[in-house]
């Protein structure tokens, strides 16, 4: 059942403040409050985001969902065709949308992270990447240098032990886990209209089954979906893919 449905919004006064990045941080902070309240109320937050720049708010909400003011240790399962681990110095495009994981791990644009309320930043060992297959050269160098664990598309398709191994690992070293999906992780056939499509991804059914495995772990406390191309989905095929992923999450929780 849907227990609560809310939108993270700026106040009228905040909307007048200077700087789009500062306003992004403020909006993320509001999102974090909603997420934290839902987790504390034993409700699974499902974030529906226009893009991945809401990551900091989702993580901050998990971080502040504990019984005291002490921030919880948050694990991140990053499911995206792109690593989003660029910094302004390494990005070929300069898009901030390719930087949320780097921001959240304290590698750049600290003012956005701090305004979002994500403090401290996540250690990179708290991150697992899934299905990443389209990166900038220096971004890939950074991913390799920090030895960020990778679950491949083939692992998803085969439901390999790599999924359980990484969920076990994150469950041991963190308090809660947030699972984030950018819809471009899927094969373009299942996400028509994707803004940044990448070939050779999993189907929605395959990823739904992998999500079911992940959410059998009680440490998985929140789920987020970004980049649903609603303006370019006249036949609602992409929306059906979204539903399939959410179904997988619910199946996993029921199997706990």
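Before moving on, here are some points about what is shown:
- Of the residues making up region 22-41, not a single one is within 16 Å of the chain's Cα centre (by Cα) and not in a helix (DSSP H, G or I).
- Pair list, Cβ < 9 Å and 6+ apart or interchain, from region 216-234 residues that are surrounded by fewer than 12 Cβ atoms within 10 Å (Cβ to Cβ) to residues that are assigned to a loop (DSSP other than H, G, I, E, B) and modelled with pLDDT of 95 or more: 218/256
- Figure legend. Inter-residue proximity from region 1-24: first residues modelled with pLDDT of 90 or more, second residues assigned to a loop (DSSP other than H, G, I, E, B), beta-carbon distance below 8 Å, spacing 6+ or different chains. Indicated pairs: 21/109; 23/10; 23/17.
- Helices (runs of 4 or more DSSP H) contained entirely in region 98-179, each with at least 1 residues that are more than 22 Å from residue 215 (Cα to Cα) and touching a residue at least 12 places away in the same chain (Cβ under 8 Å): 100-104, 110-116, 137-145
- Whichever residue in region 78-97 is surrounded by fewer than 21 Cβ atoms within 10 Å (Cβ to Cβ) and under 17 Å from residue 227 (Cα atoms) and, among such residues, is nearest to the chain's Cα centre (by Cα): 97
- The residues on offer are 75, 66, and the sole one that is crowded, with 24+ Cβ neighbours inside 10 Å and either within 22 Å of residue 166 (Cα to Cα) or modelled with pLDDT of 95 or more (or both) is 75.
The values are calculated or read from the model by the stated rules, or taken from the named source; none is laboratory data. In this text, all values refer to a predicted model and were calculated from it rather than measured experimentally. Note: ideal-geometry Cβ built from the backbone for every residue, glycine included; neighbour counts use all protein chains shown.
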